[in-house]
Structures are given as C-alpha cells and as structure tokens.
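The values are calculated or read from the model by the stated rules, or taken from the named source; none is laboratory data. All values reported here derive from a predicted model rather than from experimental measurement. No Cβ is skipped: glycine too gets one built from the backbone with ideal geometry, and neighbour counts run over all protein chains shown. Areas reflect the complete protein model, heavy atoms only, side chains present, ligands, DNA and RNA absent. Shrake-Rupley method; radii C 1.70, N 1.55, O 1.52, S 1.80 Å.
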Amino acid sequence: MLLLPVMALAQAPIQFSNSPTAIKQYESSTLESLVERCSVVKVESYKAPEEVRALRNGFVDVLPRNPKTGLYSVFVFDQDKRTFTLVDGQALSRDKKLSLRLVLPRDYGRCRLVRTPEGAEMLEVVHSERNYVSDVQRMQKLSKELLELSAASAQQPSACAAASSVQDIQFLNAGNRVTLNVCHEATAAMVERLRKTVRKVHER
C-alpha cells in the first residue's frame, strides 16, 4: 500500500476577501438574485402594503423611510387573524447598496418587489408571527380600551393637532379608521403600549 506524504494531501486554504470591491460584487449579486426571484406587486404607497389594505380590525405602525438608507418598516397587528406582521423594506436605486436585513435563502419565499405608480421601486421582506398568545390577548385588551377612550375623547373638543410622533399610526375597527385624539394623555399612553407590544414580538 502506497502512503502519500501528508503534505502532498494538504490543500491550499481557501482565501476569503472582504475588500470593498468584493463586498460590492456580493451585494450587487444578492440584490439581482432577489429581484429575479421575488414576486412583483403594485401599491399606491409603501405605507399601505397588502397586509394593511386587507386589515379590518387591528393596528398599524409605520416607521417612515430613512432618507439615507431607504429603509422603512411597517408593523401590523391583525386582530381577526391574531397575527403580527412586520414588513421590512428598502427603496431601491442604482447607487444605493442593499441594507435590508435578510436570511437567505429563506427570504426568497417571502420577499416581493414593490412598484408605485410614480415609478418608485422597493424590495420588501414579510415576517409573520402567530404563536404569541399572551401578546395577542394584550393587544385585544388594549384595542378595546383604546376604542372606549376614542369614543369618550371624541365628545370632548380639542384644539391641539396630532403629534408628529404618532402621525403614521392607524387603528381600524370594522374596516373604519378610528381617529385618535393623541392630545388625550391616556390615549397617547395606550398607543405607545400598542406600539411597544407589536414591536416586541419581532424583536425577540
């Protein structure tokens, strides 16, 4: 039996490069691959993805688009389906690198390329969670209390305008958007609890 020297069997170690050029090529190929595989949908605005348009009872919290990175997020709680959904997105452009958090290749199955009538293009990845029973119960309880508060505060005229910090909040009941009087201290506090609960599910 012929024994080859150990050195003869050894192979040269694989060389990895994290140079700016290599990173740019990787980001570019990843983006091109996603664009080719993701489904294409059309919307009026990134603030109204299909999960929001289909909502009849629930809560929506939008993190507006970051002007530097193009990143944005839309948190949705669907009370009827008892589902927490996070839509992570990024506005695409020729000179902007892909900064969206992805878990490839799993995200190929839940990504989509979004286009608006104005020609804007976004890449979105949808994360859905259904197994957080205690959080669903908490959201249902807070939603009921918020409806009661909204009805009570609607009878009390207020001169103040909606605070900018909650301008992208939507609360829907039976398909109707409920106007929230954020000048009412209890209403503002309850909206913040709803926001924290929805985000907590996706931060775990």
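Things to note:
- Carbon and sulfur %, accessible surface of region 80-143 computed with the full protein complex present, 1.4 Å: 45
- Approximate spin-label separation R37-C183, in nm, with each point projected 7 Å along Cα-to-Cβ: 5.2
- Distribution of pairwise C-alpha distances over region 25-146, 10 Å bins, in %: 12, 42, 30, 13, 2, 0
- Bridging of K96 to lysines at a Cα separation below 25 Å is possible for K24, K42, K47, K68, once same-chain residues fewer than 8 apart are set aside.
- Two-decimal ratio, region 42-107, of alpha-carbon radius of gyration to 2.2 N^0.38 Å: 1.22
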